[in-house]
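Heads up, the thing below is written out as structure tokens.
The values are calculated or read from the model by the stated rules, or taken from the named source; none is laboratory data. Remember, it's a predicted structure, so these values are computed and weren't measured experimentally. Neighbour counts are summed over all protein chains in view; Cβ atoms, including those assigned to glycine, are modelled from backbone coordinates with ideal geometry. Side chains included, ligands, DNA and RNA excluded: accessible areas come from the protein's heavy atoms. Shrake-Rupley method; radii C 1.70, N 1.55, O 1.52, S 1.80 Å.
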Amino acid sequence: MVKQVAIIGGGIIGATAAFYLSFLQGNDNIQVTLFDDDTGQATKAASGIISPWLSKRRNKRWYALAKRGAELYPSLVSDAQLSNQAYQQTGTIVTRKNHGDLLALYQEAKIKEQHTTAMGRVELLDAKEVKRRMPLLTDAPEGVFVSGGARIDGGHFVSELLERAAANNLDVKNERVSLTANGAINTTAGPEHFDIVIIATGAWMHESLRPLGLNVKVRPQKGQLIDLTVKMPHKWRNMPVMMPEGSSDVIPFNGGKLVIGATHENDEGFDLTPQPAARRQLLNNAKVFINTLTDAQVSDMRVGTRAYTEDFAPFFGAVPTLPNFLIGGGLGSSGLTTGPMIGYLLAQAVFEREIDHWQDYTKPVSQYID
């Protein structure tokens, strides 16, 4: 008998789960329906950096999950045959304002390099070498280079994953749905029942699970970023991305696109209105390193809504009282790194595989639900 699976939410978790449910062994016994209306989705509004190894965060579960997420990417990209527009390993340059702090970061990176294969090569770069590798910079800082770092475009990433899955066993429905008290899904065609439901609705998960009498402790955070059009000769292709301490990420894409961001606004709720003040701040952050940039080069401003938990950690697993309901969320600003691993693990759960070691990556789901 074919198992009917619903995924509510087509962001980084939902799209990755959908792909693996179409790709892993046993997919011929599964039919997947994904519901998403795209409103405010953090993933499709995001471009980001996959490079968790030198993060200042000290949450061991988060780091274990982020590390596994970064390690998953090369195989996921290969399996799904994703384009360089979606993901490309370009290397990451991480900066510190203080030279002594940078040396300490370099020593930490060299220690991790010995037992973290996905990091690749670690190098200490002076400002002249950073400028050579990122020639669009006019005022280059010194930094630590990690060759395993990568850039990702969230919109391209999820679209390509869903396209691959739709060629097999996925049906995508662009609509907003809700749950009923008995666990059915209210769709435009009426209530539908599924054997397993994966809920990955980000900041809207509180609303999603309320009909089941559950209160999920997540809050929204607004994130804004800007795209700029810059001249990039062909010889500048595949530049590294840069994570400046205390500032906005600098993410060059081939073809003349430069992304700067993103903001972290906790008091805007679900408002998706681009803010001129945020645009100016992001541009000014970029001009610290590229003083030739002008407002006229800003080609787009994207806005999304992230989901945060009280302990700033993502969570995932089965709903304690409803084992056929799987949830994953609370990704915060590192969702592009941790989300695919969560999607992969949720897909494994649908296949009834590998669920006993989840405590290495997340607290019990019950910690995030009242």
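Could you go through segment 361-368 in sequence order and give the Karplus-derived ³J(HN,Hα) for each residue, using 6.51 cos²θ - 1.76 cosθ + 1.60 with θ = phi - 60°, rounded to whole Hz, and x for Gly and Pro?
Per residue, the Karplus-derived 3J(HN,Hα) values read 10, 8, 6, x, 4, 4, 5, 10 Hz.
Principal axis lengths of segment 6-115 from Cα atoms, whole Å, largest first?
Taking the Cα atoms of segment 6-115, the three principal extents are 55, 32, 29 Å.
Suppose we take every Cα in segment 51-90 and form the convex hull; what volume per residue is that in Å³? Could the numbers behind the result be given before it?
Values: hull volume 2.8 nm³, N = 40.
Hull volume normalised by residue count: 71 Å³.
If we restrict to alpha carbons, what Rg and Dmax does segment 231-312 come to, in Å?
Both quantities, over Cα of segment 231-312: 14.4, 45 Å.
In the chain, what % of DSSP beta bridges are antiparallel (nearest 5)? Write out the running numbers ahead of the final one.
On the way: 46 of 67 bridges.
Here the antiparallel bridges make up roughly 70 percent for the chain.
Considering all alpha-carbon pairs of the chain, what whole percent are spaced by more than 38 angstrom?
Details: 11466 of 68265 pairs.
Percentage above 38 Å: 17.
So if the hydrodynamic radius of segment 142-293 is defined as the Kirkwood radius over C-alpha pairs, what does Stokes-Einstein give as its diffusion coefficient at 25 °C and 0.890 mPa s, in µm² per second? Present the calculation step by step, with values, prior to reporting the outcome.
On the way: Rh = 19.2 Å.
So the translational diffusion coefficient is about 128 µm²/s.
Enter the per residue convex hull volume of segment 117-228, computed from alpha-carbon coordinates, in Å³ rounded to the nearest integer. Walk me through the numbers before you get to the answer.
Numbers: hull volume 24.2 nm³, N = 112.
Dividing the Cα hull volume of segment 117-228 by its residues yields 216 Å³.
What accessible area per residue comes out for the chain, rounded to a whole number of Å², with a 1.4 Å probe?
42 Å²
Search the structure for amide H atoms under 5 Å from the amide H of Ile50, placed 1.01 Å from N in the peptide plane, and list their residues when 5 or more places away or on another chain.
Under 5 Å from the amide H of Ile50: Ala150, Arg151, Ile152.
Tabulate in residue order the Karplus-calculated ³J(HN,Hα) for segment 115-122, using 6.51 cos²θ - 1.76 cosθ + 1.60 with θ = phi - 60°, rounded to whole Hz; enter x for Gly and Pro.
In residue order, the calculated couplings are 10, 10, 4, 5, 5, x, 8, 10 Hz.
Which semi-axes, in whole Å and largest first, does the equivalent ellipsoid of segment 2-60 have when worked out from the alpha carbon gyration tensor as the square roots of 5 times its eigenvalues? Spell out each step's value before the answer.
Numbers: eigenvalues 158, 58, 17 Å².
That gives 28, 17, 9 Å for the three semi-axes.
How many angstrom lie between the Cα centre of segment 205-254 and the Cα centre of segment 36-52?
Using only Cα atoms, the two centres lie 6 Å from each other.
Hey, what angle do you get for helix 12-23 against the long axis of the chain, alpha-carbon based, 0 to 90 degrees rounded to 10?
60 degrees
I'd like the orientation of helix 335-350 relative to the chain: the angle between its Cα long axis and the longest Cα principal axis, in ° from 0 to 90, rounded to 10.
Helix 335-350 sits at roughly 30 degrees to that axis.
Under a point-charge model restricted to the Cβ atoms of Lys and Arg (+1) and Asp and Glu (-1), what is the dipole moment magnitude of segment 299-370 relative to its Cα centre, in debye to the nearest 20?
Charge dipole of segment 299-370: 200 debye, to the nearest 20.
Could you work out how much longer the chain between Ser147 and His193 gets when fully extended? Use 0.36 nm per residue separation minus the Cα distance between them, nm to one decimal. The partial results should precede the final answer.
Details: separation 46, 0.36 × 46 = 16.56 nm, distance 4.65 nm.
Result: 11.9 nm gained on full extension.
Between Ser75 and Gln4, how many nm apart are label points set 7 Å from Cα along the C-beta direction?
Label at Ser75, label at Gln4, 3.2 nm between them.
Name the residues whose placed amide hydrogens come within less than 5 Å of the amide hydrogen of Ile7, ignoring near sequence neighbours (fewer than 5 apart) on the same chain.
Thr33, Leu34, Phe35, Ile198
Leaving out ligands, DNA and RNA, what percent of the accessible area of the chain is carbon and sulfur, probe 1.4 Å?
Numbers: 7750 of 15640 Å².
About 50 percent, which is the carbon plus sulfur part of the accessible surface.
Do me a favour and compute the ellipsoid semi-axes for segment 210-366 from its Cα gyration tensor, root of five times each eigenvalue, largest one first, whole Å.
Details: eigenvalues 270, 74, 29 Å².
They are 37, 19, 12 Å, listed largest first.
Just the ratio, please: alpha-carbon radius of gyration of segment 136-186 over 2.2 N^0.38 Å, N its number of residues.
Numbers: Rg = 20.5 Å, N = 51, 2.2 N^0.38 = 9.8 Å.
Normalised Cα radius of gyration, segment 136-186: 2.09.
Can you give the Kirkwood hydrodynamic radius for segment 199-260, in Å, rounded to one decimal and based on Cα pairs? Numbers along the way, then the final one.
Values: mean 1/r = 0.0670 Å⁻¹.
Result for segment 199-260 stands at 14.9 Å.
Length gain on complete extension for the stretch Glu108 to Ala127, per 0.36 nm per residue less the alpha carbon to alpha carbon distance? Don't jump to the answer; show the numbers that get you there.
Details: separation 19, 0.36 × 19 = 6.84 nm, distance 2.00 nm.
Stretched out fully, the Glu108 to Ala127 stretch lengthens by 4.8 nm.
Using only helices, what value at 222 nm comes out for the chain when you add -39,500 (n - 2.57) per DSSP H run of length 4 or more and divide by the total residues, to the nearest 500 deg cm²/dmol?
Values: 8 runs with 101 residues, N = 370.
It lands at -8500 deg cm²/dmol.
Note the full-extension length gain between Gln281 and Lys217 as 0.36 nm times their separation in residues minus their Cα-Cα distance, in nm to one decimal.
20.0 nm
On a 0 to 90° scale, report how tilted helix 60-80 is relative to the longest principal axis of the chain, with both axes built from alpha carbons and the result rounded to the nearest 10.
So the helix axis and the longest Cα principal axis differ by about 90 degrees.
To the nearest Å, what is the center-to-center distance of segment 324-350 and segment 64-139, using C-alpha atoms only?
The two parts, judged by their Cα centres, are 23 Å apart.
Using amide H atoms built 1.01 Å from N in the peptide plane, name the residues 5+ places from Ser299, or on other chains, whose amide H lies under 5 Å from its own.
HN-HN under 5 Å from Ser299: Asp227, Leu228, Thr229.
Under the Karplus relation 6.51 cos²θ - 1.76 cosθ + 1.60, θ = phi - 60°, what is the ordered set of whole-Hz ³J(HN,Hα) values for segment 234-245, x standing for Gly and Pro?
With the stated coefficients, segment 234-245 comes to 4, 5, 8, 4, 6, 5, x, 9, 10, 10, x, 4 Hz.
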